[in-house]
Amino acid sequence: MPKRDPGPSVKDDELYEKLRDEGNSKEKAARIANAAAGSSRKSVGRKGGKSPQYDDWTVEDLRKRAAEIGIEGRSKMRKGDLIEALRDH
């Protein structure tokens, strides 16, 4: 299989390829690869602010977040489906 070309915006091609092979979306793989390139790979998961777990969010809040990132079909999703879609995006 030929190697994918993530384009010039991806800063860590090796990590991008690994994440895509694991089944992550192009957007998610690029976001993680670029965050890792700016610091150590180990610290990427600890970076960021504090947010309540999706399980603690209301369905309305989950749908708003899904709309912000462009998840299709969110109006018909149940809470569990919304959480899964948000986590996998």
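Every number here is computed from the coordinates shown, using simple stated rules; none is lab data. Since the structure is predicted, the reported quantities are computational estimates derived from the model, not experimental observations. Every residue, glycine among them, receives a Cβ derived from its backbone with ideal geometry; neighbour counts consider all protein chains shown.
Per-structure values
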{"read-out": "Backbone N within segment 58-89 under 19 Å of label point (7 Å from K18 Cα along the Cβ vector)", "value": "none"}
{"read-out": "Ranking of V59, V10 by count of other Cβ atoms within 10 Å, fewest first", "value": "V59, V10"}
